[in-house]
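Data first, discussion second: the structure below is written as structure tokens.
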Amino acid sequence: MKTGVKERFNLKDCSNLQIPTAQFIYKRYLKRPIDFTLAMLALIVLSPFLLIIALLVRIKLGSPVLFKQQRPGLNEKIFTLYKFRTMTDKKDKEGKLLADSLRLTEFGKFLRSTSLDELPELWNIVRGDMAIVGPRPLLVQYLPLYNEHQKRRHEVRPGLSGLAQVNGRNAISWEEKFDLDIEYVDSVSFIEDWKITFLTIKKVFAKEGINSGSEPTMEPFKGLCKQKSRNIKDKLIIIGAGGHGKVIADIAMKMSKWQNIVLVDDNKPFMTCMGLEIIGKTADAFKYKDEADFFIAVGNNATREKLQEKYENAGLSIAKLIHPGAEIGNDVEIGIGTVVMAGVVINSSSRIGKGCIINTGSSLDHDNVIEDYVHISPGTNLAGTVRVGKGSWIGIGSVVSNNIDICGGCIFGAGAVVVKDIAEPGTYIGVPVRRIER
């Protein structure tokens, strides 16, 4: 997915159920049995193939066939990682191992480029050291180099593949890799695991992202403990401490992205909300321009737009919030200042503008376009290829049929059913909807 007032969710403490039931059940009870079953089946089916690779490694690279190394796993527990070896043991005149580039043979490069060297890790999955999907297990000597943000990668089992692997693998920086690892930790779900698995297979065949530049292996991690990731800020300031602000604060805490979450509100300065401190009025937020992310927690579309544009123009960093229980499809774009709440489903290739509210339990099918500062109310269902214009408000429980174009500035009452294009701004109610006022 870090707050100063709420402890991070601990897998060992089932009483602190701060993620949605479906996600918690998969993460706690289903992910490990599924991983074990699939890894066992893979070992059985691939056993003849594994024996052939082992024989070729023995002939071309010598013994031992398997490369073994200590790696940190879940909760930083050390385990032995198994791989097929890809390098020789050639040494210089002083008896020291040559550089990786000199010991990596063409056969070894082939094993790496096809990820065949990783197949023995299926045994690590069966043993419970690893999962099919998760952050890759790195070197033990990196442990003291991690900052608090980076350490969170050990909150789940390391994986045979992960979000960083399908987004560049060794071709991206350590900073980007760790940010992707934590993003995965905060969004573990059945659907995301299968997406990563299929993308991994695709990238293996395409041989994408194997190396960083011209080097055969990733450059060593030298630590970022004394500096923050340029994309990570420890403080979130929520603008508005009303009812919507409470929901936003709750989602922000569940995301565990910020160590310190506070609010500002012109009507409730120097109080508390959701156990979080209200540090002053909205004007006070500008004091924290360089050290905090900001989010506008205002329900009214026009007011939210006015405030967000003001903060953006002043150079403040506007966050976007996605509840861990939301299901986000592939190739979905979500703008800054947008919140996606619990139980939301957004299917593939949809575009969500900035400053939007995608409220609890709503669903957006494929190829939807939601323009800026739109509010999609709880339980709303939008079929495929729907466009909702800027500043519109779709009422609770509404239904929009497929291929519908709704202009900006529209308001739809609760339970409205939209079956044809809406070209004129105004208020609409009924089944199907009819316009009642400009």
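Laboratory data are not the source of any read-out in this text; all were calculated from the coordinates shown. Fair warning: this is a prediction, and the values are worked out from it, not measured in the lab. With ideal geometry, Cβ positions are generated from the backbone for all residues, glycine too; neighbour counts draw on all protein chains shown.
A few remarks follow.
- Over all projection directions, the Cα-based convex hull of the chain averages an area of 24.2 nm².
- Amide H contacts under 5 Å for Gly426, placed H, 5+ residues apart: Cys410, Ile411
- Amide H contacts of Leu81 (H built 1.01 Å from N, in plane; Pro and chain starts excluded): Gln69, Gln70, Arg71 sit under 5 Å, all sequence-distant by 5 or more or on other chains.
- Inter-probe distance in nm under a simple model that places probes 7 Å from Cα toward Cβ, at Glu175 and Asp266: 3.7 nm
- Only DSSP H runs of four or more residues enter the estimate; each adds -39500 (n - 2.57), and after division by the residues of the chain the mean residue ellipticity at 222 nm equals -8000 deg cm²/dmol.
- The string of couplings for the range 150-155 from the Karplus curve (6.51, -1.76, 1.60, θ = phi - 60°) is 5, 4, 5, 4, 8, 7 Hz, one whole number per residue in order, with x for Gly and Pro.
- Computed label-point distance, nm, for sites Arg58 and Ile44 using a 7 Å Cα→Cβ extension: 2.5 nm
- From phi via Karplus (6.51, -1.76, 1.60), per-residue ³J(HN,Hα) for the range 121-136 in Hz, x at Gly/Pro: 5, 4, 5, 4, 5, 4, 5, x, 6, 9, 10, 5, 10, x, x, 5
- Cut-off under 5 Å, modelled amide H: who pairs with Cys273 long-range: Ile278
- Global geometry of the range 321-437, whether rounded, prolate or oblate, following the gyration tensor of its Cα atoms and the 1.5 cut on a/c: prolate
- The packing ranking of peptides 197-205, 47-55, 389-397, highest mean first, is 389-397, 197-205, 47-55, where packing means the average number of other beta carbon atoms within 10 angstrom of each residue.
- Ranked by the mean number of other Cβ atoms within 10 Å of their residues, highest first, the peptides 183-194, 30-41 come out as 183-194, 30-41.
- Scalar couplings 3J(HN,Hα) for the range 426-436, obtained by applying the Karplus form with A = 6.51, B = -1.76, C = 1.60 to θ = phi - 60°, are x, 9, 10, 9, x, 10, x, 5, 9, 7, 10 Hz; x denotes Gly and Pro.
- Sequence ranges 345-353, 291-299, ranked by mean other-Cβ count within 10 angstrom, highest first: 291-299, 345-353
- Cα-based shape type of the range 235-318, given that a ≥ b ≥ c are square roots of the gyration tensor eigenvalues and the cut on a/c is 1.5: rounded
- Close lysine pairs were tallied over the range 235-318: pairs 8 or more places apart or on different chains with Cα atoms under 22 Å apart number 27.
- The length gained by stretching the chain between Lys93 and Phe110 to full extension, at 0.36 nm per residue less their Cα-Cα distance, is 3.3 nm.
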